[in-house]
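Read through the structure below, which is laid out as C-alpha cells, and then see the notes.
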Amino acid sequence: MKVKSLKVQKETRWRRPGRYQVRINKYIGASGICSRRRADQLIDEGKVKVNGQVLMEKGYDVRPGDEVQVDGTLIRPETRKLYYLVNKPVGYVTTVSDPQGRPTVMELVPDVEERLFPVGRLDVNTSGLLIITNDGDLANRLTHPSHEMGKTYVARVTGMLTMKEAKILERGVRLEEFTTSPAQVRLIRHDRNSTLVEITIHEGKNRQVRRMMEAVGHPVTDLERTAIGTINSRLPVGGCRKLNPGEIDYLKGIK
Ligand code: URA
C-alpha cells in the first residue's frame, strides 16, 4: 500500500562540490539495476521506498543522506565506476574547480552524476593524456610512489640535446629534493634552435620533466604527455573517450 507522497525537491547543489540532487529515476538508473524507464514503472508499482516510505512521486529528487530501496534492496548510486581518458589542451587546469575561473579538465568529460576527479596532474602549460575517474582506490594506487607506472612525454626543448645529455637524463639527475630514477630517452629530431625528445619517467614529481630538462641546460618550450603506461591514443586535443575494458584491467593490474 502506498503510504505517503514525498515532497518534490527543487534542483539545488549538493553540499559537496560537483554533486547535485538527482531525479529518482536517474538515481536508480545510475546504480545499474535497471533503466530510468523501468525505474518509473517500479515507482508506479510501489516498489520504490525512500527513507522507508513508499514513493508515489516520480519527480522526486534524491537528496544526500536519502536511503533508496528498490524491491526491498538498498541501492547506492556510486557503484558505477567511470574511467575517461582526455587529451588536455594547454591552458586547462587539472583540478575539479578553479578559483581563478580558468577552464578545468572536468569540462572535457560528460556531465554525469558521479563525482569524477583527475588522476595525478599535468601543468597548466602541458597538454596530453589524463585519466579522469570516480574510482578512488585506483587513483590512489596509480599515484602512489610505490607503483608509479611509466608516463611518456614528448618535449620540445631549446638548443640541441646531445646523446651524452640524454644518457644523463636516463641515469637520473639531481633535482632539489631528490635524484630522478632511471628514465628512457629517445631523441626524435632537432633543428637549429630546438630538439624534440621523448622521455618516459616513472615518478610524478612536480614539474619533473621540465626540471630534468632544465638540469641538463635545455628548458622545455612545449610538453605533451603521449602515454600513461601502455595507454596511448590519437584523441584530438580537448577530446575524451571512455577507457576500454582491457585498459581498465591493465590499470587495475599495475603492481
Ligand atoms: N612533467 C612536467 O614538467 N610537467 C607536467 O605537466 C608533467 C610532467
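Details
- The strands (runs of 3 or more DSSP E) found entirely in segment 165-253 that carry 1 or more residues being more than 15 Å from the ligand (Cβ to nearest atom) and crowded, with 16+ Cβ neighbours inside 10 Å are 184-190, 194-201, 240-242.
- The listed residue being in a loop (DSSP other than H, G, I, E, B) and loosely packed, with under 13 Cβ neighbours inside 10 Å, out of D111, D137, D123: D111
- Figure legend. Inter-residue proximity from segment 120-147: first residues closer than 18 Å to V220 by Cα, second residues within 13 Å of the ligand (Cβ to nearest atom) and in a helix (DSSP H, G or I), beta-carbon distance below 8 Å, spacing 6+ or different chains. Indicated pairs: D123/R210.
Read the figures in this text as sums done on the coordinates, not as results from a lab. Computed from a prediction, not measured in an experiment: that's the story for all the values here. Please note: Cβ atoms are built from the backbone with ideal geometry, for glycine as well, and neighbour counts cover all protein chains shown.
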